[in-house]
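What follows is one structure encoded as structure tokens, with my remarks underneath.
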Amino acid sequence: QVQLVESGGGLVQPGGSLRLSCAASGRIFSINAMGWYRQAPGKQREVVARITSAGSTNYADSVKGRFTISRDNAKNTVYLRMNSLKPEDTAVYYCNAEAKIYYNSDLQIYWGQGTQVTVSS
């Protein structure tokens, strides 16, 4: 099994910055894409940003130019740098990973437990 543990959430004022981290551990043969999602109260979970193992990225329109996703493949870790935060960025942020636990196993999706980000003055 693969475990994902997020860290770095918290309370920040509008215009501030935060950096989220998500480390994957456990039995891992390979990790393909990794991503960040968020879910605000009363809303569906939505994709924020994703990054492939080769480093290609894509972002939700609402965060383009403000958020940056990156990863360290040697550490099986994905990061989300969030700048110019707005109150509407308030949500629980989840990371996920597409991973294989054996060389011939199917790709499976794994999720972290989530970390709260609150943007408020």
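The values are calculated or read from the model by the stated rules, or taken from the named source; none is laboratory data. Since we're looking at a predicted model, the values are computed, not measured. Reconstructed Cβ throughout: ideal geometry from the backbone, glycine too, with neighbour counts over all protein chains shown. Ligands, DNA and RNA are excluded from the accessible area calculation, which covers all protein heavy atoms including side chains. Shrake-Rupley method; radii C 1.70, N 1.55, O 1.52, S 1.80 Å.
Computed from the mean reciprocal separation of all distinct C-alpha pairs, what Kirkwood hydrodynamic radius does region 47-114 have, in Å?
13.4
Ignoring ligands, DNA and RNA, please state the percent of accessible area on the chain from carbon and sulfur, probe 1.4 Å.
Of the solvent-accessible surface of the chain, carbon and sulfur hold 46 percent.
Using just the alpha carbons, could you tell me how many Å³ per residue the convex hull of the chain encloses?
Measuring per residue, one finds 94 Å³ for the Cα hull of the chain.
Just in region 1-77: which trypsin sites (Lys or Arg not before Pro) are loop by DSSP and have at most 13 other Cβ atoms within 10 Å?
Working: sites: R19, R27, R38, K43, R45, R50, K64, R66, R71, K75; in loops: R27, K43, R45, K64, R66.
Passing sites in region 1-77 are R27, K43, K64.
To the nearest 20 debye, what is the magnitude of the charge dipole of the chain about its Cα centre, counting +1 on the Cβ of each Lys and Arg and -1 on the Cβ of each Asp and Glu? Write down the numbers at each step before the final one.
Numbers: 13 positive and 8 negative charges, 29 e Å.
Using Cβ point charges on Lys, Arg, Asp and Glu, the chain gives about 140 debye.
Below 8 Å, C-alpha to C-alpha, sequence gap of six or more: please give me the relative contact order for the chain in percent.
37
Quick check: pseudo-label points 7 Å beyond the Cα along Cα→Cβ at R27 and L11, how many nm apart are they?
Roughly 4.3 nm, to one decimal.
Say each of T52 and A40 gets a label point 7 Å from the Cα, pointing the same way as Cα to Cβ; how far apart are those two points in nm?
Here the modelled spin labels are 3.1 nm apart.
Looking at the chain, send over the antiparallel percent of its DSSP beta bridges, to the nearest 5.
Values: 41 of 44 bridges.
About 95 percent, rounded to the nearest 5.
Net charge around A99, counting only other residues with Cβ within less than 11 Å of its Cβ (Lys, Arg = +1; Asp, Glu = -1)?
0
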